[in-house]
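Following: one structure in structure tokens, then a few remarks.
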Amino acid sequence: MSGLTTAIKQGLTIYEVRAGIEGRSTTATAIAEEHYARIAAGDGAASGGIHSFLALSRQRALARAAMIDDLARVGDPLPLLAGVPVGIKDVLAMQGSPATAGSKILAGYMPPYDATAVKKLEAAGAVLLGKLNCDEFAMGSSNENSAYGPVRNPRALDRVPGGSSGGSAAAVAAGFAVATLGTDTGGSIRQPAAFCGVVGVLPTYGRVSRFGLIAFASSLDRVGPVTNTVKDAATVLNVLAGEDPLDATSSDRPVNDYVGALQEPVAGLRVGVPAEYFGEGLDPEVRAAVEKTIAQLEAAGCVVTPVHLPHTKYAVPTYYVIATAEASSNLSRFDGVRFGLRSDEAKTLSAMYKKSRDEGFGAEVKRRILLGTYVLSAGYYDAYYRKAQQVRALITRDFLEAFAKVDVIVGPMTPTAAFKIGEKADDPMAMYLADIYSVAASLAGICGMSVPCGTTGDGLPIGVQIMGRHFDEATMLRVGAAVEAAQAR
Ligand code: GLN
């Protein structure tokens, strides 16, 4: 019974969990308890822990685990994610658990329903451990913008885990969860995955339902998995992908079998390498690791060719105009009336709105509401917002032209490995510029992923980014698996 659980190692995979439960060497309950014990031992912020979880959902988790154990006991076939302990980024609704989005303004808010992605995971047998820390309203790249305090990088405790899904990446890297859900608007799944040395997948826009996601920028927001292995990510995507009548932007395109696709060899696939992703500001150690990975893909039979993405240099400013514009609109719903915090200082209705927003939002969120309101305002709309939309179309066209010649595009995920906590906290511009390799795929709506591809001399993880065509996660994941296999060698 205790076989697997006493031997739980960091980085347990979905398949190891399932095999343990199916073979009766452990139980879903024991695995859930073991993960809660690890969280209790290593996640407490007060004791210098990781601080990846903001809330635990023990009752719900253990009830689900007991159901899985009943199935295993009678020898019924187990669902795909049977007994797999998962964590959910706190921007997604999970009934019975608070949803703060890392913000004070949502303190005390309990969503009365489950996000579609959350519901699908649980229906596939996953055990929902709780809610994960993140930058406030998913705005940030370091998790330092959480109103509930930063997350530490399990691979180097004085470093950021990345953001905004910092808790999602850190929880997997620390062995507190086997898989987690993150969200990615401009890099927030891929960049923390790179910083923490785990796998993170940005599905194509529309591939995974956003129902139950607290919106940041609706034309960019996406939900996706963080896992230890590429196969695990493909497995979770098999569960998440598909049309949802509750999200009009979800696509009715048929869903591929992403796990099955991993069986196919990568030999003959065309890998594009964009010169624009290897320019100024790229850390030499990151460059070397990514170049080595590309050489390994070539050795595995891929055809490596240069591609051009000439509008890359406009991606960061374009993203920060569009994302803030949409955020300023989305965040107008937080007014102290319907959800969370309400200032008790105010004497009039309008003072109540203003004071609630002033007390509830943090500095970065306020900065973005101001920026977004500015770029949308009469007189500036054409110069900023409309212009940004036009450039977005050019960035998308860059990718479509490149994907006429290649099957995937490979480059660095981040210009540097994880930086120190506090290092960029007072310099929003430096923080925004570090999103250089992540935001273009977001604007174009294509899929992307980060796979670990080595470490720096200091032992910090390095991630390689693989980008794929719209709705071609299958090919992207195949290349991801080849990168992973080359690492293991
Ligand atoms: N770092 C980017 C930002 O701050 C991306 C955030 C995200 O993807 N949610 O907006």
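Give the residues of the stretch 209-224 that are open to solvent by less than 10 Å² (accessible area, probe 1.4 Å) and within 15 Å of the ligand (Cβ to nearest atom), sorted by residue number.
Listed by number, the residues that qualify are Phe216, Ala217, Leu220, Asp221, Arg222, Val223, Gly224.
Those residues that are surrounded by fewer than 22 Cβ atoms within 10 Å (Cβ to Cβ) and within 16 Å of the ligand (Cβ to nearest atom), I need them from the stretch 327-347; list them, please.
Listed by number, the residues that qualify are Ser328, Ser329, Asn330.
Tell me which residues, restricted to the stretch 417-432, are of a type outside the set (Gly, Ala, Ser), in a loop (DSSP other than H, G, I, E, B) and surrounded by fewer than 18 Cβ atoms within 10 Å (Cβ to Cβ).
Those that are of a type outside the set (Gly, Ala, Ser), in a loop (DSSP other than H, G, I, E, B) and surrounded by fewer than 18 Cβ atoms within 10 Å (Cβ to Cβ): Glu423, Asp426, Asp427.
Which of (1) open to solvent by 10 Å² or more (accessible area, probe 1.4 Å); (2) away from the ligand (no atom under 15 Å from the Cβ) is the odd one out, the single condition Ala115 does not satisfy?
Only one criterion is unmet by Ala115, namely (1).
In the stretch 284-311, how many are out of contact with any strand residue (DSSP E or B) (no Cβ under 7 Å at 6 or more places or on another chain) and under 30 Å from Gln389 (Cβ atoms)?
The total comes to 2.
So which residues in the stretch 157-176 are at positive phi and away from the ligand (no atom under 16 Å from the Cβ), if there are any at all?
Across the stretch 157-176, the qualifying residue is only Gly175.
Residue by residue through the stretch 177-205, note down the ones that are open to solvent by 10 Å² or more (accessible area, probe 1.4 Å) and more than 9 Å from the ligand (Cβ to nearest atom).
Once the filter is applied, which keeps residues that are open to solvent by 10 Å² or more (accessible area, probe 1.4 Å) and more than 9 Å from the ligand (Cβ to nearest atom), the stretch 177-205 yields Gly197, Tyr205.
Could you tell me whether Lys405 is more than 25 Å from Thr305 (Cβ to Cβ) and either of a type outside the set (Phe, Trp, Tyr) or open to solvent by 20 Å² or more (accessible area, probe 1.4 Å) (or both)?
So Lys405 fails the test.
What is the number of the single condition among (1) in a helix (DSSP H, G or I); (2) in contact with an Asp or Glu (Cβ under 7 Å, 6 or more places away or on another chain); (3) farther than 28 Å from Ile395 by Cβ that Ser350 does not meet?
It is condition (2) that Ser350 fails.
Inside the stretch 348-402, can you point out the residues that are surrounded by 15 or more Cβ atoms within 10 Å (Cβ to Cβ), among the β-branched types (Val, Ile, Thr) and either more than 23 Å from Tyr109 (Cα to Cα) or over 24 Å from the mean Cα position of the chain (by Cα) (or both)?
Correct list: Thr373, Val375, Val391, Ile395, Thr396.
Mind checking which residues of the stretch 358-376 are within 15 Å of the ligand (Cβ to nearest atom), without any contact (Cβ under 8 Å) to a residue 12 or more places away in the chain and farther than 30 Å from Asp344 by Cβ?
Answer for the stretch 358-376, where residues must be within 15 Å of the ligand (Cβ to nearest atom), without any contact (Cβ under 8 Å) to a residue 12 or more places away in the chain and farther than 30 Å from Asp344 by Cβ: there is none.
Which fully enclosed strands (runs of 3 or more DSSP E) of the stretch 34-151 have 3 or more residues being not hydrophobic (A, V, I, L, M, F, W, C)?
Of the strands (runs of 3 or more DSSP E) lying wholly inside the stretch 34-151, those with at least 3 residues that are not hydrophobic (A, V, I, L, M, F, W, C) span 85-89.
Based on what the data block shows, is Ala147 open to solvent by 10 Å² or more (accessible area, probe 1.4 Å), within 16 Å of the ligand (Cβ to nearest atom) and of a type in the set (A, V, I, L, M)?
Against the criterion (open to solvent by 10 Å² or more (accessible area, probe 1.4 Å), within 16 Å of the ligand (Cβ to nearest atom) and of a type in the set (A, V, I, L, M)), Ala147 qualifies.
Return the only residue of Gly379, Gly448, Gly411 being away from the ligand (no atom under 16 Å from the Cβ), modelled with pLDDT of 95 or more and not acidic (Asp, Glu).
Gly411
The values are calculated or read from the model by the stated rules, or taken from the named source; none is laboratory data. Quantities reported herein were computed from a predicted structural model and do not represent experimental measurements. Methodologically, a virtual Cβ is constructed for each residue, glycine included, from the backbone with ideal geometry; neighbour enumeration extends over all protein chains shown. To get the accessible areas, we keep the full protein, side chains included, count just its heavy atoms, and leave off ligands, DNA and RNA. Shrake-Rupley method; radii C 1.70, N 1.55, O 1.52, S 1.80 Å.
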